[in-house]
Amino acid sequence: MKIIPLDLNQCIWENLNRPFFVPGYPHQFLLLKIMDPEIQNPIGFLGRIAPGSLSSLYPHENILPEKVQSKSINLRNREIAEKPIFAIFKETDEIIDHLRAGFDMGKSLTTYNRRGIMYELKHTDDPQWGDQLKSLFDTVDNMVIGDGHHRTAAYNEYLQKGNKSKGLYTGFFSHQQIAIYSFERRIIIPNEIKLEWWDRLNTHCEKKQIETIPDVIQPGRFVCIESNVLWELSWKDKGISFESSVDTLDVFLFHKHILSVRPDTRKEEWRKIKIEYVPHLNPTINHKSINSNLNEFIFIFAPVPSELLLEESIRGVTMPPKTTWIEPKMTSKIVNVPI
């Protein structure tokens, strides 16, 4: 995987109270430490992925075409990347030790706060350190997109139209330095298919009423909130095939067997199902906000393990849109980078 440093003299710095110029050695990777004890205060870096290496950057989720279109318009109009995508690489001791050494000797640029978590950005004036980092990543065969699927797709479209670019602006973190959460599905079912909806759930799932949402939702089970009632659902074997390890994920099975439009269903009515995706960061949900008159439901799933996410994505298997919410999050408008 070929990675490219940033030209710091061409970056637009929105959070610094002074100009930042590096006349001697402007091409550097920026080190980023996130003071979040839940993910062991990870250290990553900002740089670019060379256009020729994008075929080795794998998505883990399907994309929504309308979102790619809006990202493409913004990219063409501004030709500035305000926010890096987030790429996950397989951790090695050598890479992590090198990043820690660079951070220890680096010079602080800025700190900023996001949702109560401090981010610190540093640079190092040692060109050998940057060259060694590039050499280490020459041995990395592939990476997976943690966040930024639609921005990556828009960037690929930008290149396919003959535009030139120095590389995809990226934040790099290892798979051992991330936390993966699930997205809730908040779903409204049209009245015309309410009976068919329940028939699908009852065909494929066992249902048990529970009092509270579990702190940890176990694989093979998921939670449904209907009005003021909590259900724990588990899969029956009937009609379900397991083709790969991703196919055993509950959110994958849910989209495939419960939400999918089938030839034997009223297609137009099933396409009217409304879905809202909400990160499940906090398991305390106001159940009374669920509107039973609208046939509204919330479904909560177990998160995807990081090892599985990497392995299956590299095999070319993708999950439904908004399957994962991955921390740490890259922030926008701290360092803006020309495309």
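Would you point out the residue of the range 37-52, among those that are under 19 Å from the mean Cα position of the chain (by Cα) and hydrophobic (A, V, I, L, M, F, W, C), that is surrounded by the most Cβ atoms within 10 Å (Cβ to Cβ)?
Here the answer is 45.
Given (1) of a type in the set (Ser, Thr, Tyr); (2) in contact with a strand residue (DSSP E or B) (Cβ under 8 Å, 6 or more places away or on another chain); (3) modelled with pLDDT under 90, identify the lone condition not met by residue 70.
So the condition that residue 70 fails would be (2).
Quick check on this structure: which one of 96, 34 is within 27 Å of residue 126 (Cβ to Cβ), modelled with pLDDT of 85 or more and within 18 Å of the chain's Cα centre (by Cα)?
Matching residue, one of 96, 34: 34.
So residue 272 ticks every box in (1) assigned by TED's automatic domain parsing to the domain that holds residue 84; (2) at pLDDT 85 or above but one. Which box is left unticked?
Condition not satisfied by residue 272: (1).
Tell me whether the range 81-98 contains one or more residues that are in contact with an Asp or Glu (Cβ under 8 Å, 6 or more places away or on another chain) and over 15 Å from residue 46 (Cβ atoms).
Checked the range 81-98: no residue is in contact with an Asp or Glu (Cβ under 8 Å, 6 or more places away or on another chain) and over 15 Å from residue 46 (Cβ atoms).
Tell me which residues, restricted to the range 69-117, are touching a Lys or Arg at 6+ places or on another chain (Cβ under 9 Å), small (Gly, Ala, Ser), closer than 19 Å to residue 33 by Cα and crowded, with 19+ Cβ neighbours inside 10 Å.
Result: 102, 106.
Tell me, which helices (runs of 4 or more DSSP H) lie completely within the range 85-174 with 1 or more residues that are farther than 19 Å from residue 2 by Cα and aliphatic (A, V, I, L, M)?
Those helices (runs of 4 or more DSSP H) span 93-105, 149-160.
Name the single residue that is nearest to the chain's Cα centre (by Cα) among those in the range 173-207 being of a type in the set (S, T, N, Q) and surrounded by fewer than 18 Cβ atoms within 10 Å (Cβ to Cβ).
Among them, the one singled out is 176.
The values are calculated or read from the model by the stated rules, or taken from the named source; none is laboratory data. All of these numbers come straight from a predicted model, not from anything done at the bench. For neighbour counting, all protein chains shown are included, and Cβ atoms are generated from backbone atoms with ideal geometry for every residue, glycine included.
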